[in-house]
Amino acid sequence: MLPALATHDWDGRYLDGDTPWDTGEPDPHLVALTEDATIGPCRVLEVGCGTGTNALWLSARGFEVTGVDLSSRAIDQALRKAQGCEGGERVSLQVADFLHGELPPGAFDLVFDRGVFHVFDEAADRLRFAERVATVLEPGGRWLSLAGSTEGPAREHGPPRRSARDLVMAVEPHLELVDLRSVAFAARLPSPARAWLMLARRREVAAQPSTKR
Ligand SMILES: C[S@@+](CC[C@H](N)C(=O)[O-])C[C@H]1O[C@@H](n2cnc3c(N)ncnc32)[C@H](O)[C@@H]1O
C-alpha cells in the first residue's frame, strides 16, 4: 500500500526510498514539448528537482540548468547521478527552499516543476510560489508545471489534488495562462493519476479587469 503524499518529511522519504514520483525516466510531457520545439534550449530552473532526472536530461540537450530542492538527500542523489552522466558537468544542483531562498531575479527563461507547486495546501503558499516563479523569470519567460488534478476517480493515495481554479487563482496575478491540459502523471503508482500540464508566461502587462455588460 502506498502512503499518501501528505507528510512533507522529504529527506525521510528519500532516505526510505518512498518516492513513487521518481520514475528514473524524464517526464514524457517534458520530452514531448521539447521534441515538438515548444521549449528549446534556454536557461532553466527546475524547482524541486528531486534526484535530478529531468535536470540532467535537459542539460544533456543543451539547456543551461539549475536544479534546486529542499531535500539535501535528494540533491546528494542528484549530484551522484550527475557524475559521469552526459550534461552532468554543466548542471548546477543546490539545496534551497524555493519559497524563501535567494535566487537571482530575472535569471531564467523557463521554470519547470513536476509535482512541487501542487504540494502546497494553502492558497497563500501557492500564490507565493507563482509570485516567486514570476520573479526569477525574465519578462515573457515561461513556467511549465505538472500538478496533480481533481480529475479522475476517487483515490486514497498518490499526488495531491488541485483544481483548475486553484491553479488559475495562483497564477493569474503574475503570469498569463498559455495552456492548461488534463494529462496523466507518469509515476510508479498502480494506476496513473490525472494531472494538469500548465504552461504560463510571465506578464509584461497586468491582467485587465473583467468586464460587465
Ligand atoms: C513530489 S516530489 C517531485 C520531485 C521531482 N520534481 C520529480 O518529479 O521527481 C516534490 C519535491 O519538491 C521538493 N520540495 C518541496 N518543497 C520545496 C521547496 N519549498 N523548495 C524546493 N523544493 C521543494 C521536495 O523535496 C521533493 O523533492
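The values are calculated or read from the model by the stated rules, or taken from the named source; none is laboratory data. Quick caveat: nothing in here was measured; it's all calculated off a predicted structure. Neighbour counts are summed over all protein chains in view; Cβ atoms, including those assigned to glycine, are modelled from backbone coordinates with ideal geometry.
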Out of the residues in the stretch 57-70 that are surrounded by fewer than 24 Cβ atoms within 10 Å (Cβ to Cβ) and more than 15 Å from Arg43 (Cβ to Cβ), which is farthest from the ligand (Cβ to nearest atom)? Ala60
Do we have any residue at all in the stretch 152-161 that's touching a strand residue (DSSP E or B) at 6+ places or on another chain (Cβ under 7 Å), modelled with pLDDT of 95 or more, part of a strand (DSSP E or B) and among the basic types (Lys, Arg)? no
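Would you tally the residues in the stretch 132-154 being polar (S, T, N, Q), crowded, with 23+ Cβ neighbours inside 10 Å and more than 16 Å from Ala55 (Cβ to Cβ)? Spell out how you get there, then give the answer.
We begin by selecting, within the stretch 132-154, every residue polar (S, T, N, Q); these are 135, 145, 149-150.
Pick out the ones that are also crowded, with 23+ Cβ neighbours inside 10 Å and you get 145, 149.
From what's left, more than 16 Å from Ala55 (Cβ to Cβ): 149.
Selection size over the stretch 132-154: 1.
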Can Gly12 be described as within 10 Å of the ligand (Cβ to nearest atom), of a type outside the set (Lys, Arg) and under 27 Å from Asp121 (Cβ atoms)? no
Right, Asp27: farther than 16 Å from Gln94 by Cα and buried (at least 21 other Cβ atoms within 10 Å of the Cβ) or not? yes
Do you know which of the residues in the stretch 32-51 that are part of a loop (DSSP other than H, G, I, E, B) and within 16 Å of the ligand (Cβ to nearest atom) is farthest from the chain's Cα centre (by Cα)? Thr51
If I ask for residues that are aliphatic (A, V, I, L, M) and either assigned to a strand (DSSP E or B) or surrounded by 20 or more Cβ atoms within 10 Å (Cβ to Cβ) (or both), which ones from the stretch 71-95 would you list? Ala74, Ile75, Ala78, Ala82, Val91, Leu93, Val95
Considering only the stretch 102-118, I want to know if a residue exists there that is under 22 Å from Thr51 (Cβ atoms) and among the charged types (D, E, K, R). yes
Which residue out of Phe98, Phe129, Phe112 is surrounded by 21 or more Cβ atoms within 10 Å (Cβ to Cβ), in a loop (DSSP other than H, G, I, E, B), under 15 Å from the mean Cα position of the chain (by Cα) and at pLDDT 95 or above? Phe98
Hey, does the stretch 54-63 have a residue that's of a type in the set (S, T, N, Q), under 15 Å from Leu144 (Cα atoms) and in a helix (DSSP H, G or I)? yes
What is the one condition in (1) at pLDDT below 90; (2) surrounded by 12 or more Cβ atoms within 10 Å (Cβ to Cβ) that Phe185 does not satisfy? (1)
Looking only at the stretch 110-131, count how many residues are more than 9 Å from the ligand (Cβ to nearest atom), among the basic types (Lys, Arg) and touching a strand residue (DSSP E or B) at 6+ places or on another chain (Cβ under 9 Å). 1
